[in-house]
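One structure is given here, and the rest of the page talks about it.
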Amino acid sequence: MDEGALIQEALDGDLNAFNTLVLHYQDMAYNVAYRILGESGAADDAAQESFISAYLKLHQYRGGSFKAWLLRIVTNSCYDELRRRQRQPVVPLKPDLPDGETLEDPYWIKDEAPTPEEHSERAELQAAIQNCINKLDQKFRVILVLVDVEGLDYDTAAEIASTKVGTVKSRLARARARVQDCLQEYWELLPEIFRHKVEET
């Protein structure tokens, strides 16, 4: 996909070109919105609103990472929804391995298709993880989702969140710690490698 050419064609009024961009990024936009908002319907709405906003603001795109530009719109849409909820109320662990080393990549927080035998247990674990993510303040939640769920690097996450890389790192560390503490309530759902630290507390 020639993203640059599609963007230019969309700027020239080619709706099909923009729709191609939508198809390419729609799953990512939904996943980010779902992890931030915690509700499928709200995530659908946020993603749809974000693409409409992106189309209307496409003339404001100044080059660089289109993905980061789009995800900034998605996260801002989620912020708006979270603020609306406040007015009208409606992660990962950093486990110690047996040899004392620490996993750097919290791969386990990502949604991966379970085998039929693991489906029920995995669904419960994902629900527990999402519940813990939902308890985070939005500024921590967004960073956790961007880095640990979507796998973005610190620089890109900082660009999307309109903050500094150092702030991303500090918020991520605090978010991970809070999710770890929260998941102690669900220790029986965790893979064995993550349990021993909880059992010792």
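When the residues of the stretch 57-102 are filtered to those that are aliphatic (A, V, I, L, M), in a helix (DSSP H, G or I) and within 16 Å of ALA43 (Cβ to Cβ), the one that is modelled with the lowest pLDDT is LEU82.
Of the residues making up the stretch 1-39, those that are modelled with pLDDT of 90 or more and under 18 Å from ASP80 (Cβ atoms) are ALA29, TYR30, VAL32, ALA33, TYR34, ARG35, ILE36, LEU37. Would you confirm whether any residue within the stretch 55-77 is basic (Lys, Arg), under 17 Å from GLU159 (Cα atoms) and surrounded by 15 or more Cβ atoms within 10 Å (Cβ to Cβ)? Within the stretch 55-77, one or more residues are basic (Lys, Arg), under 17 Å from GLU159 (Cα atoms) and surrounded by 15 or more Cβ atoms within 10 Å (Cβ to Cβ). Right, LYS197: modelled with pLDDT of 85 or more and part of a helix (DSSP H, G or I) or not? Criteria not met by LYS197.
The values are calculated or read from the model by the stated rules, or taken from the named source; none is laboratory data. Values in this document were obtained by computation on a predicted structure and should not be read as measured data. No Cβ is skipped: glycine too gets one built from the backbone with ideal geometry, and neighbour counts run over all protein chains shown.
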